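A short worksheet on the structure shown next.
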Amino acid sequence: MPLNAQREEYIKSDCGILFTGTPQNINERPWMFGQYEPGVLEACMKLLQVSRWHFKNKEKDYNRRADPIYLSRVICAMVNCDDDLGILMGNWSGDYKDGVSPAEWSSSADILHQWALSNCKPVRYGQCWVFASVLCTVMRVLGVPSRVVTVFNAAHDANSNLIIEEYFSSSGEKLPGPKDSTWNFHVWVECWMRRPDLGSAFDGWQVVDATPQEKSGGIYCCGPCPVVAIHQRVLRASFDTRFIYAAVDADVVRLIIHNGRVMKRNVDTETVGRLICTKSIGSDLLENLTQDYKSKTKPQAAGYGRYSGWRGGQDQPMRRDVRMSGTLFLSSSVGHQEDGGILEYSQMSDGEEEMPPGLEVSLSLKRVPTVGESIVMFVTVRNNSSSSRVLMEHVNAQLKEYNRNAQESFWKSHKEECIKAGEVLKLEHSILPSEYEFVLADDDIMNVAVVIKDLLTKERFLATQEFNVTSPKITVEIEGGGSIQMKKEYKAHVSFTNTCSNSVNGAMLTVEGSGLLQGKQESRMAILKQDEKIEKTVTIMAACPGTKLLKATFSHSNSPKAISRTFHKVTVVSA
């Protein structure tokens with residue numbers, strides 16, 4: 001790595017920033033990599049000693065540890081515990097009663113300490129940003145430059161056809177689909193290394209992904225994959241390039257399903273990999289890496305026909321043939337469908353061209369919403385035909401977690417509209433705070449879809465938006481304002497103001513901080529009224545210098561998950 005500033009950031013820095021949320025409303029959260037914390041180096045060395053490669057052939061393992069390609073695959077596999085004595089157990093169920101919610105972690109050192117002290121029992125629980133952050137810590141400890149990278153709208157292409165299928169009902173409800181999915185964000189690590197196995201053109205940043213998704217060489221690891229191979233679409237380059245390429249550049253095919261029939265399909269070539277980013281060198285600002293992964297011109301898929309798929313060689317667009325007696329066979333069943341997993345579709349005769357749509361439909365937000373505000377949306381309909389149309393508009397809102405299927409609808413709107421020839425119709429909708437506040441939690445994503453049906457031609461048109469609502473902020477103020485001195489007590493004042501439209505029951509403000517505060521400290525109120533404040537003052541003291549995190553969480557009995565969470569960086573200096 002040529003520059004000292006890069007080495008300072010990507011090896012020596014023990015604190016970073018993770019980016020989550022959606023491209024329209026990015027959340028930042030600090031993370032303590034903690035490579036200088038007591039016991040962390042020992043835990044990383046122990047990780048190597050209990051790997052399957054070491055048990056299989058100790059001498060060979062020792063000799064190969066100088067190779068960062070080999071080392072990154074070993075560590076990647078050992079960060080998850082799916083097929084070895086690895087560090088973290090993944091959990092995406094929402095039930096974390098027998099462990100720690102992934103959202104609660106903020107320090108790799110805490111996780112590594114727990115794993116090492118428990119005789120290599122997996123730490124419960126992690127999700128993508130936790131796997132990535134621990135992997136980044138271990139690689140930095142071992143001297144490999146590493147950084148945590150977020151991909152917004154990341155595709156999980158389980159069947160390797162570079163296409164993600166999404167299904168909607170005729171009323172705009174997003175339906176459970178097959179194993180393929182698009183995560184609102186996914187987090188992995190880039191490691192800097194030479195690639196003598198591929199040639200010097202592939203040296204530099206390599207994607208390494210410790211989240212257990214698909215097996216690579218029979219084990220749950222992914223990479224190292226050269227970023228330049230993704231950009232240049234060299235899908236045969238090792239390792240796992242095709243899977244990672246799909247994560248940043250697959251196409252999304254959205255289908256409207258009605259009575260087991262595919263009524264409409266849209267092909268979206270822009271959503272996946274909308275933004276790829278990391279923390280900038282020497283600051284907490286976002287650095288946009290999208291152009292490092294994606295070229296400005298995307299290969300065109302040949303012959304979509306009535307349904308989109310790809311065929312061809314490994315490095316060529318692939319197409320799945322689906323014209324089979326007027327039916328569309330899916331790889332797995334789709335929720336709420338009939339006919340045992342077989343969907344009929346409107347078959348086009350050979351040589352027939354699909355007519356351009358008479359209507360164009362789009363969905364947009366007035367602004368990124370904040371809890372306590374109405375969510376204002378605009379459905380824009382353009383009539384390109386020479387005749388008036390009578391339309392039925394269906395708008396549907398659902399909640400989802402960043403990597404999961406949408407839940408049951410919590411808000412709907414159905415109404416009939418008329419549009420003249422050549423007219424542009426702008427329809428406004430508002431979801432009131434009282435309609436979403438008690439179903440929304442801190443990390444939830446909102447999926448809104450509109451289906452417009454032409455009542456004469458029976459055509460349907462789909463537009464969608466996924467976004468997160470900005471949580472109300474928790475305020476943290478440290479006595480003295482700036483850095484604190486080691487082994488000296490300071491007061492930290494933490495407060496939260498209820499900006500919701502109603503009172504909440506069972507309000508609780510929790511404060512904790514590894515290396516600053518012993519255990520958790522709480523403040524409770526039976527009822528927290530609108531615009532009322534809940535507060536907690538704690539005494540903090542640090543035993544060693546460096547950067548520490550003070551974490552505060554607000555929750556209430558009306559919601560099973562935290563409503564707001566903040567991480568406040570505290571710089572500790574020697575006396």
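The values are calculated or read from the model by the stated rules, or taken from the named source; none is laboratory data. Keep in mind that this is a model prediction, so the values were computed, not measured. FYI the Cβ positions are ideal-geometry reconstructions off the backbone, even for glycines, and counts take in every protein chain you see. Note: accessible area is taken over every heavy atom of the protein model, side chains too, but ligands, DNA and RNA are not part of it. Shrake-Rupley method; radii C 1.70, N 1.55, O 1.52, S 1.80 Å.
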- Failed condition for His54, given (1) closer than 14 Å to Leu142 by Cα; (2) open to solvent by less than 10 Å² (accessible area, probe 1.4 Å); (3) more than 26 Å from the chain's Cα centre (by Cα): (1)
- Counting only residues that are touching a residue at least 60 places away in the same chain (Cβ under 8 Å) and more than 19 Å from the chain's Cα centre (by Cα), how many does the stretch 266-277 have? 1
- Note on the structure: Looking across the stretch 278-288 at residues that are among the polar types (S, T, N, Q) and in a loop (DSSP other than H, G, I, E, B), the single one that is nearest to the chain's Cα centre (by Cα) is Ser280
- Query: How many residues, within the stretch 416-442, are of a type in the set (Phe, Trp, Tyr) and touching a Gly at 6+ places or on another chain (Cβ under 8 Å)?
  - Reply: 0
- Item | the stretch 502-528, subset small (Gly, Ala, Ser) and open to solvent by less than 40 Å² (accessible area, probe 1.4 Å), residue nearest to Ser555 (Cα to Cα) | Ala507
- Residue check, Ile534 open to solvent by 20 Å² or more (accessible area, probe 1.4 Å) and farther than 22 Å from Arg29 by Cα: no
- Query: If you take the residues in the stretch 367-418 that are of a type in the set (Asp, Glu) and in a loop (DSSP other than H, G, I, E, B), which one is surrounded by the fewest Cβ atoms within 10 Å (Cβ to Cβ)?
  - Reply: Glu408
- Task: May I ask you to list the residues in the stretch 386-408 that are under 30 Å from Gln127 (Cβ atoms), at pLDDT below 95 and not basic (Lys, Arg)?
- Result: Leu399, Glu401, Tyr402, Asn403, Asn405, Ala406, Gln407, Glu408
- Task: Might you check whether a residue that is modelled with pLDDT under 95, charged (D, E, K, R), more than 30 Å from Leu516 (Cβ to Cβ) and surrounded by 17 or more Cβ atoms within 10 Å (Cβ to Cβ) occurs anywhere in the stretch 434-444?
- Result: yes
- Task: Could you check the stretch 166-274 for strands (runs of 3 or more DSSP E) lying wholly inside it with 3 or more residues that are touching a Leu at 6+ places or on another chain (Cβ under 8 Å), open to solvent by less than 10 Å² (accessible area, probe 1.4 Å) and more than 23 Å from Tyr402 (Cα to Cα)?
- Result: none
- In the stretch 1-38, anything crowded, with 16+ Cβ neighbours inside 10 Å, in a loop (DSSP other than H, G, I, E, B) and hydroxyl-bearing (Ser, Thr, Tyr) is listed as Ser13
- Where a residue in the stretch 30-48 is under 30 Å from Leu285 (Cβ atoms) and its partner, wherever it lies, is assigned to a helix (DSSP H, G or I) and among the charged types (D, E, K, R), with Cβ under 8 Å and at least six apart: Phe33/Arg140; Gly34/Asp110; Gln35/Arg140
- Which one of these is touching a residue at least 40 places away in the same chain (Cβ under 8 Å) and either among the charged types (D, E, K, R) or surrounded by 18 or more Cβ atoms within 10 Å (Cβ to Cβ) (or both): Asp83, Asp98? Asp83
- Per the list (1) modelled with pLDDT under 95; (2) in contact with a strand residue (DSSP E or B) (Cβ under 8 Å, 6 or more places away or on another chain); (3) surrounded by fewer than 20 Cβ atoms within 10 Å (Cβ to Cβ), residue check on Ser106 breaks on (3)
- Item | Single residue of Gly34, Gly16, Gly39, Gly21 found to be over 26 Å from Gly218 (Cβ atoms) and in contact with a His (Cβ under 7 Å, 6 or more places away or on another chain) | Gly39
- Query: Which one of Met525, Met486 is out of contact with any helix residue (DSSP H, G or I) (no Cβ under 6 Å at 6 or more places or on another chain) and at pLDDT 95 or above?
  - Reply: Met525
- Query: Only one residue in Ile11, Ile26, Ile75, Ile87 is farther than 22 Å from Val141 by Cα and of a type in the set (A, V, I, L, M, F, W, C), so which one is that?
  - Reply: Ile26
- Note on the structure: The residue that is nearest to Ile17 (Cα to Cα), considering only those in the stretch 537-557 that are open to solvent by 60 Å² or more (accessible area, probe 1.4 Å) and out of contact with any Asp or Glu (no Cβ under 8 Å at 6 or more places or on another chain), is Pro545
- Message: Can you tell me which residue is nearest to the chain's Cα centre (by Cα) among those in the stretch 485-507 that are within 27 Å of His113 (Cα to Cα) and assigned to a loop (DSSP other than H, G, I, E, B)?
- Response: Met486
